[in-house]
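A.B. asks: Here it is, the structure, as structure tokens.
The values are calculated or read from the model by the stated rules, or taken from the named source; none is laboratory data. For clarity, every value in this text was computed on a predicted model and none was experimentally measured. Virtual Cβ from ideal backbone geometry, glycine too; neighbours counted across all protein chains shown.
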Amino acid sequence: MSSTRSGAGRALVAVYGVFALAATARSLVQLATKADEAPLAYALSALAALVYVAATLGLAEVGPAPRRLAWAAVGFELVGVLTVGTLTVLDPELFPDQTVWSAYGAGYGWLPLVLPFVGLAWLWRTRPRG
Amino acid sequence: MDGPLPLVLIYASLAFAVVVLVYVALARTPDWGLLGFAGLIEAGTLVLLVIAGVQVGNADLSGGATVTLFGYLLAGLVVLPIGFVWSLAERSRGATAVLAVTGLTQAFVIVRTLQVWS
């Protein structure tokens with residue numbers, strides 16, 4: 001079994017770490033300064049932040065069952081970006097303020113859309129065999 | 001914040017990322033030169049934080065914008081050290097590439113700092 005945090009995985013963990021840090025900080029500022037303006041969008045931002053933190057920890061092999069945590073978090077991330085992306089494209093008024101997954105992450109250079117595919121591919125490639 | 005320092009930091013961070021990618025392509029491991037380059041960017045970011053701290057009283061920023069501004073500047077201080085710790089714990093191309101992610105993040109952080117300021 002290969003480690004998810006070695007080789008290319010090390011750079012992947014770094015990218016996830018940046019997203020975890022950015023999403024968490026952004027979410028805290030939103031919730032602290034204007035939580036009542038767009039509760040749904042900001043709750044979603046907080047959820048996305050948790051997912052990125054979980055994916056980072058899982059891929060970095062922190063905790064008792066990191067691979068399972070990574071599969072769950074990255075899988076949720078994919079469902080999240082596809083669902084929220086589709087909803088926001090169909091009805092831009094649904095979320096009054098931007099979230100990281102709005103319009104499939106177009107505001108973040110499409111990285112939020114690409115990242116879960118890379119994450120799942122990496123988990124599949126390093127899967128335990130035997 | 002109106003001087004050339006933010007722009008210099010943005011271009012230096014991007015240049016750092018490019019140099020790292022050359023290292024990755026050549027399968028070279030990070031050396032003291034790379035660490036020194038990052039050290040200069042780190043020192044510049046610290047100076048930017050001090051300048052922002054001195055000038056923020058005269059700037060027309062809301063409370064939220066001020067929190068965001070210093071959040072970005074503090075992130076700019078920790079990104080490079082954390083990136084180096086994570087990268088240097090392993091010798092591989094992927095581990096070296098971590099520093100490219102770090103450089104691009106640093107550039108993005110300074111860009112956002114400038115946007116919040118103006």
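A.B. asks: Determine if segment B:83-96 includes at least one residue that is closer than 17 Å to B:Leu7 by Cβ and at pLDDT below 95.
C.D. replies: The answer is no; no qualifying residue exists.
A.B. asks: Any idea which of (1) in contact with a helix residue (DSSP H, G or I) (Cβ under 7 Å, 6 or more places away or on another chain); (2) assigned to a helix (DSSP H, G or I); (3) free of Cβ contacts under 8 Å to residues at least 24 places away in the same chain; (4) closer than 17 Å to A:Gly7 by Cα is the one B:Val85 doesn't satisfy?
C.D. replies: Of the numbered conditions (1) in contact with a helix residue (DSSP H, G or I) (Cβ under 7 Å, 6 or more places away or on another chain); (2) assigned to a helix (DSSP H, G or I); (3) free of Cβ contacts under 8 Å to residues at least 24 places away in the same chain; (4) closer than 17 Å to A:Gly7 by Cα, the odd one out for B:Val85 is (1).
A.B. asks: Is there any pair with a first residue in segment A:117-130 that is under 12 Å from A:Leu59 (Cβ atoms) and a second that is of a type in the set (Asp, Glu) whose Cβ atoms are under 8 Å apart and which are 6 or more apart or on different chains, and what are they?
C.D. replies: From residues that are under 12 Å from A:Leu59 (Cβ atoms), the pairs are A:Gly119/A:Glu77.
A.B. asks: Separate question: List pairs: first residue in segment A:1-22 and within 17 Å of B:Leu88 (Cβ to Cβ), second residue hydrophobic (A, V, I, L, M, F, W, C) and assigned to a loop (DSSP other than H, G, I, E, B) anywhere in the structure, Cβ distance under 8 angstrom, at least six positions apart or on different chains.
C.D. replies: Matching pairs, first to second residue: A:Arg5/A:Ala60; A:Val13/A:Ala60; A:Gly17/A:Ala60.
A.B. asks: To continue, here is another question. Suppose we keep only residues that are assigned to a helix (DSSP H, G or I) and β-branched (Val, Ile, Thr) within segment A:40-68. Which one would you say is nearest to A:Leu21 (Cα to Cα)?
C.D. replies: Ranking the candidates gives A:Val53 first.
A.B. asks: Any idea how many residues of segment B:96-118 are basic (Lys, Arg) and in contact with a Pro (Cβ under 7 Å, 6 or more places away or on another chain)?
C.D. replies: 0
A.B. asks: Next question. Would you pick out the residues in segment A:1-34 that are more than 7 Å from chain B (Cβ to nearest Cβ), under 18 Å from A:Ala121 (Cα atoms) and hydroxyl-bearing (Ser, Thr, Tyr)?
C.D. replies: Selection gives A:Ser2, A:Ser3, A:Thr4, A:Tyr16.
A quick yes/no check of all residues on (1) surrounded by fewer than 17 Cβ atoms within 10 Å (Cβ to Cβ); (2) touching a Gly at 6+ places or on another chain (Cβ under 7 Å):
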| site | (1), (2) |
| --- | --- |
| A:Gly9 | no, yes |
| A:Glu37 | yes, no |
| A:Ser45 | no, no |
| A:Leu50 | yes, no |
| A:Val62 | yes, no |
| A:Thr83 | yes, no |
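A.B. asks: Among the residues of segment B:53-66, which ones are under 20 Å from A:Val29 (Cβ atoms), out of contact with any helix residue (DSSP H, G or I) (no Cβ under 6 Å at 6 or more places or on another chain) and part of a helix (DSSP H, G or I)?
C.D. replies: Scanning segment B:53-66 gives B:Gly53, B:Val56, B:Gly63, B:Thr66.
A.B. asks: Looking only at residues in segment B:84-93 that are crowded, with 17+ Cβ neighbours inside 10 Å and more than 19 Å from B:Ala25 (Cβ to Cβ), which one is farthest from the chain's Cα centre (by Cα)?
C.D. replies: Among those residues, the one meeting the criterion is B:Trp86.
A.B. asks: Residue check: is B:Thr96 closer than 25 Å to B:Phe37 by Cβ, of a type in the set (Val, Ile, Thr), facing chain A (nearest Cβ under 9 Å) and under 10 Å from the mean Cα position of the chain (by Cα)?
C.D. replies: no
A.B. asks: Next up: Restricting attention to segment B:1-29, and to residues there that are assigned to a loop (DSSP other than H, G, I, E, B) and of a type outside the set (Lys, Arg), which single residue is surrounded by the most Cβ atoms within 10 Å (Cβ to Cβ)?
C.D. replies: B:Met1
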